[in-house]
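The values are calculated or read from the model by the stated rules, or taken from the named source; none is laboratory data. Not measured: the values here are computed from a predicted model. Positions of Cβ are generated from backbone atoms using ideal geometry, with glycine treated the same way; all protein chains shown enter the neighbour counts. Please note that ligands, DNA and RNA were not included when accessible areas were found on the heavy atoms of the full protein model with its side chains. Shrake-Rupley method; radii C 1.70, N 1.55, O 1.52, S 1.80 Å.
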Amino acid sequence: MNRSLIDNLTTNYIEKYGTSPELILRSPGRINILGEHTDYNDGFVMPASIDKSIYLAIGRNSKDTSNLFSLDFQDDREIDLKALEAGPSGQWVNYPAGVVNELVRHGHALENFNMAFTSDLPIGSGLSSSAALECGVGYGLSTLFDLKIPRKTLAQYGQNAEHNFVGVRSGILDQIGSIMGKENEVMRLDCRSLDLTYHRVVLGDYELILYNTKVKHEHLTSGYNDRRAECERGVAVLQKNNPEIRALRDATIEQLESVRDQLPEIVYARCKYVIEENARVDEISTALAANDLVEAGKIMYRTHDGLSKEYQVSCPELDFLADAVRNEAAVLGARMMGGGFGGCTLNIVKKSEINRLTEQLSKAYHAEFGLDMEMYPVKITNGTEVVQREM
């Protein structure tokens, strides 16, 4: 927990609104051990909450509107609970306003409120700062107004906010990864039923390390929606001979091969990746249950190759960082993580070799791209939670 960030947030809230916040919340980013781009195909994913978070201060007000303040952007916004609508594309206010819209739309009684937030979660790094904000807003308002909304329902509200206010047809991986986490455990989530099982992760001499490319190519939103449409096109063809197939999670490679001549090559590649990735989630679940980090790392590399070559959501910078550690004895596995086209690679690295590897990789990356890579060690933590209440 970032105490200095909480103190600064509290000070700014008091200066902005003239009163102390009633609640301080921590809403974490997430990593995804495996299962990328399977969530909107009703598939399986393995997210975990991490110790990089958005912090929110919330309290009631007696005004006619609700007030939002981003410390990091130094930007104020007002929203009217009786006339909620999405703002222009790309504005941060659409994320919290979208969640508020879901709460109102589902009949939850809200009063006007003040909210301020800040973060030690690197934005644009593929750690899902947007879902962390959505879950923090939903859980904070549910707690403040004693709405008793289940955590999974709040995750769904966050997903709906992305669909309706942000314009991204996202799955539910990010929101579940933020709000449902448990310390030192990864989740295996069935994205159709939302059934969760937890797997304890014992890293021993190893640590989870993120290497941030510091790039975000402009394909994420359009590319994400395109991939979803391509998967749905594949399902439509598969259903002609296999009406029981509702999504790619229901299909086998054999069924896909049987209709290959009816599919554009790009649609075939997208579907092949998703079907195989769902199988890899089962494989890595077994490896983690046996505490076999070596096998888990091998599976991560296979996922990166699928994301890069078949799903085509990687980029030269991500491929460089993943390929550069393939023959490193200190690294058990690596892959790009998140929606793609930039962000971070996730790596399992021997603790004693982290400094050497990071220095070596940083020099090589800068020589190749002229960019300064960043390194973040991450620990697996609890999901969205209240960390301070006004007494």
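For the chain, the C-alpha radius of gyration divided by 2.2 N^0.38 Å, with N the number of residues, is 0.99. Calculated [222 nm] ellipticity per residue, helices only, for the chain: -12500 deg cm²/dmol; basis is -39500 (n - 2.57) per DSSP H run with n ≥ 4, divided by all residues, nearest 500. For residue 251, no residue whose modelled amide H falls within less than 5 Å of its own remains once neighbours fewer than 5 places apart on the same chain are excluded.
When the scattering of region 35-163 is computed by the Debye formula from its Cα atoms alone, each counted once and equally, what is log10 I(q)/I(0) at q = 0.16, 0.22 Å⁻¹? For region 35-163 at q = 0.16, 0.22 Å⁻¹, log10 I(q)/I(0) is -0.81, -1.51.
With charges set only on the Cβ (+1 for Lys and Arg, -1 for Asp and Glu), what does the dipole of region 321-391 come to about its Cα centre, in debye to the nearest 20?
For region 321-391, the charge dipole is close to 260 debye.
With N the number of residues in region 1-90, Rg(Cα) / (2.2 N^0.38 Å) evaluates to 1.40.
Applying a DSSP loop filter and a limit of 16 other Cβ atoms within 10 Å to the trypsin sites (Lys or Arg not before Pro) in region 236-337 leaves 246, 326. Compute log10 of I(q)/I(0) for region 257-347 with the Debye formula, placing one identical point scatterer on every Cα and leaving out solvent, at q = 0.12, 0.20 Å⁻¹, to two decimals. Here the Debye-derived log intensity ratios amount to -0.40, -0.95.
Put simply, the convex hull of the Cα atoms in region 88-233 casts, on average, a shadow of 10.9 nm². Packing order of peptides 134-146, 354-366, 223-235, highest average first: 134-146, 223-235, 354-366 (average count of other Cβ atoms within 10 Å over each peptide's residues). Go ahead and set up a Gaussian network model of the chain, Cα springs under 10 Å, then flag whichever of 40, 95, 198 fluctuates most. Fluctuation is largest for 198.
Taking a straight line from the alpha carbon of residue 363, these aspartates and glutamates sit under 17 Å away, with near neighbours fewer than eight places off in the same chain left out: 317, 319, 323, 328, 353, 372, 374. Work out from phi, with θ = phi - 60° and the Karplus expression 6.51 cos²θ - 1.76 cosθ + 1.60, the ³J(HN,Hα) of each residue of region 252-263, listed in order in whole Hz, and give x for Gly and Pro. Per residue, the Karplus-derived 3J(HN,Hα) values read 10, 4, 4, 5, 5, 4, 5, 10, 4, 5, 9, 10 Hz. Looking at the chain alone, DSSP beta bridges between its own residues are antiparallel in about 95 percent of cases. When a 1.4 Å probe is rolled over the protein heavy atoms, the share of accessible surface on the chain that falls to carbon and sulfur comes to 47 percent. Using a cut-off of 20 Å between Cα atoms, the listed pairs 216/379; 16/63; 152/182; 182/351 include 216/379; 182/351 as exceeding that distance.
Projected area of region 224-273, taken from the Cα convex hull and averaged over every viewing direction, in nm²?
Orientation-averaged projected area of the Cα hull: 3.1 nm².
Translational diffusion of region 189-329 was estimated from the Stokes-Einstein equation, with Rh taken as the Kirkwood radius over Cα pairs; at 4 °C and 1.567 mPa s the coefficient is 76 µm²/s.
Along region 184-195 the Karplus relation, 6.51 cos²θ - 1.76 cosθ + 1.60 evaluated at θ = phi - 60°, assigns HN-Hα couplings of 6, 9, 9, 9, 9, 10, 8, 6, 8, 8, 6, 5 Hz to successive residues, with x for each Gly and Pro. Once the chain from residue 329 to residue 232 is taken as fully extended at 0.36 nm per residue, the excess over their C-alpha distance is 30.9 nm. Less than 5 angstrom separates the built amide H of residue 53 from those of 29, 120, 121, all sequence-distant by 5 or more or on a different chain. For region 268-391, the dipole from Cβ point charges (+1 on Lys and Arg, -1 on Asp and Glu) about the Cα centre works out to 140 debye, to the nearest 20.
Taken per residue, the accessible surface of the chain reaches 41 Å², heavy atoms only and a 1.4 Å probe.
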